[in-house]
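**Q** Got a structure here, written out as structure tokens. Questions coming.
The values are calculated or read from the model by the stated rules, or taken from the named source; none is laboratory data. All figures in this text were calculated on a predicted structure; none of them were measured in a lab. Every residue, glycine among them, receives a Cβ derived from its backbone with ideal geometry; neighbour counts consider all protein chains shown.
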């Protein structure tokens, strides 16, 4: 079997070839703008070649995350970064410009298009005479993608219409009401449970390097774990902000139930029982090694230099063009602890404001370009007037920082070389954080500490004389909750978690209402540097932003769709 990345390319090329062939006919008796059903669902094709192309096209609906909001990361609307350019679409989330007509993350159509494609595949694949095991995998993969797309809808909008296996035609009644939140979570989880034993096992002979990117069993458990995590979180677990009881049931559980956290624990334990997933020894290796035991599922991308050229500091020119699109905030930088695990605000941490990046959590070095970091054979210069912050109209950092995460190791290179840039959907580090959060919410705080210690060990945090990795002895549940939130922030930065985390925790007003900060660095006459925290942009958040607006185009077509509150 060919490499799965090539499968996607071949699928697109296959469509192009068929379109070319059909276009050569002088007379068309029927529209020929798509591969015909008799070719896709060929009863004589024992290899299922074109049916395989169709399934690969279903895979393309899996969401990515690299600079996907008009060239910016979604994290640029989470308080962890701002776009280096001004007047960008991602800022609509923080400046009040988002509306039912103007949403830079309009995922409704994409998800339902993917759900329809999965349903078409499931309705027809049985007639194709591929091997039974292949058909088992393919059907399970299509059902999983469908469940994942429903989760993408639910985390944005709350409950949405569940259509099951239905393939609608123009003659059908398309005015469907939204299912409530509980129905949607139950459906997603039930689909994960239904397909998990029909997917490839990570350790089996049927999940080789050539199949990397195909959906394994662990991905079904990981999606279940994340769905339960959201469902147990304050926004959804009886904490809805709506005044209407009907809308509250659409966007979450009407009443709180702390026992919902146990389902998160159970899912994490189930994934651990697979005995396959483990943390990588080096943090950056997760993103640079295509196939590794921390990645559970990733969206396959091209091997190129796009992340580097889009986000690396803008002072680097040809042959290593860099556009510096992303400006992490000082607020995020300050969230990284010292190497002893203590926050920089702790007098015992050893933090030195005149050398602010010395002795910090090593994840900072893998996530952020700060002044003095070596890159392409020279230090990054983000001091005022430096090569990477020259002033003027050039697109450059607005905060004193650039995004480093996901990039190759080019400290001593003269230019970039192609890297594998797959966007990770699920990884084991997230499962550990989910597990720790749920354990703490169930009152098992010391069990949660044990999980966080795993991540801090990998991050290079020193154990200390008490082997607590900076976690206070006897830490209480509330303080541990805050610590886990921060650990999640630094571990999963720019992986499209923070935007949703601050919503499900119901802390978005505290995070996003007010100033976001940067660091102004002045190079003095004696070549020393002075660092000053400065406000760079004012952000706003209102309660209606806890849930995205159902698109206007959908509510005008379907009068049964209730709009979320405030829109």
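**Q** Going through the range 498-510 one residue at a time, which ones are closer than 19 Å to residue 328 by Cβ and surrounded by 20 or more Cβ atoms within 10 Å (Cβ to Cβ)?
**A** Once the filter is applied, which keeps residues that are closer than 19 Å to residue 328 by Cβ and surrounded by 20 or more Cβ atoms within 10 Å (Cβ to Cβ), the range 498-510 yields 498, 499, 501, 502, 508.
**Q** Might you let me know whether the range 64-74 holds any residue that is under 21 Å from residue 115 (Cα atoms), out of contact with any strand residue (DSSP E or B) (no Cβ under 9 Å at 6 or more places or on another chain) and touching a residue at least 60 places away in the same chain (Cβ under 8 Å)?
**A** no
**Q** Can residue 290 be described as under 19 Å from the mean Cα position of the chain (by Cα), under 20 Å from residue 429 (Cβ atoms) and surrounded by fewer than 17 Cβ atoms within 10 Å (Cβ to Cβ)?
**A** Judged against the criteria, residue 290 is not a match.
**Q** Give me the pairs, please: first residue somewhere in the range 374-397 and free of Cβ contacts under 8 Å to residues at least 12 places away in the same chain, second residue anywhere and assigned to a loop (DSSP other than H, G, I, E, B) and loosely packed, with under 12 Cβ neighbours inside 10 Å, beta-carbon distance under 9 Å, and either six or more positions apart or on two chains.
**A** Listed pairs, sorted by first residue: 391/385.
**Q** How many of the residues making up the range 465-479 are farther than 20 Å from residue 335 by Cβ and in contact (Cβ under 8 Å) with a residue 40 or more places away in the chain?
**A** Step one: filter the range 465-479 for residues farther than 20 Å from residue 335 by Cβ, giving 465-467, 473-474, 476-477.
Still in the running and in contact (Cβ under 8 Å) with a residue 40 or more places away in the chain: none.
The total comes to 0.
**Q** Okay, next question. Which residue pairs have Cβ atoms closer than 9 Å, lie 6 or more positions apart in sequence or on different chains, and pair a first residue in the range 115-129 that is free of Cβ contacts under 8 Å to residues at least 12 places away in the same chain with a second residue that is surrounded by 15 or more Cβ atoms within 10 Å (Cβ to Cβ) and in a helix (DSSP H, G or I)?
**A** From the range 115-129, the pairs are 126/135; 126/139.
**Q** Considering the range 183-197 alone, what residues qualify as being in contact (Cβ under 8 Å) with a residue 40 or more places away in the chain and either under 11 Å from residue 227 (Cα atoms) or assigned to a loop (DSSP other than H, G, I, E, B) (or both)?
**A** Hits for the range 183-197 are 185, 187, 188, 192.
**Q** Taking the range 225-256, which residues are free of Cβ contacts under 8 Å to residues at least 24 places away in the same chain and over 25 Å from residue 196 (Cβ atoms)?
**A** Result: 238, 240, 245, 248, 254, 255, 256.
**Q** Residue under question is residue 171, and the condition is that it be in a helix (DSSP H, G or I) and surrounded by fewer than 24 Cβ atoms within 10 Å (Cβ to Cβ); does it hold?
**A** no
**Q** Among (1) touching a helix residue (DSSP H, G or I) at 6+ places or on another chain (Cβ under 9 Å); (2) closer than 20 Å to residue 118 by Cβ; (3) at pLDDT below 95, where does residue 206 come up short?
**A** Of everything listed in (1) touching a helix residue (DSSP H, G or I) at 6+ places or on another chain (Cβ under 9 Å); (2) closer than 20 Å to residue 118 by Cβ; (3) at pLDDT below 95, residue 206 misses just condition (2).
**Q** Do we have any residue at all in the range 278-287 that's touching a residue at least 24 places away in the same chain (Cβ under 8 Å), within 29 Å of residue 135 (Cβ to Cβ) and in contact with a helix residue (DSSP H, G or I) (Cβ under 7 Å, 6 or more places away or on another chain)?
**A** no
**Q** Can you list the helices (runs of 4 or more DSSP H) lying wholly within the range 417-507 that have 3 or more residues being more than 28 Å from residue 68 (Cα to Cα)?
**A** 428-441, 445-458, 477-491
**Q** To continue, here is another question. Quick check on my filter: what residues within the range 71-85 are over 19 Å from residue 422 (Cα atoms) and surrounded by fewer than 21 Cβ atoms within 10 Å (Cβ to Cβ)?
**A** Residues of the range 71-85 that are over 19 Å from residue 422 (Cα atoms), as a first pass: 76-85.
Result: 85, single match.
Rundown of residues vs (1) surrounded by fewer than 16 Cβ atoms within 10 Å (Cβ to Cβ); (2) at pLDDT below 95; (3) assigned to a helix (DSSP H, G or I), yes/no style:
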{"residue": "15", "(1), (2), (3)": "no, yes, yes"}
{"residue": "31", "(1), (2), (3)": "yes, yes, no"}
{"residue": "51", "(1), (2), (3)": "no, no, yes"}
{"residue": "54", "(1), (2), (3)": "no, no, yes"}
{"residue": "62", "(1), (2), (3)": "no, no, no"}
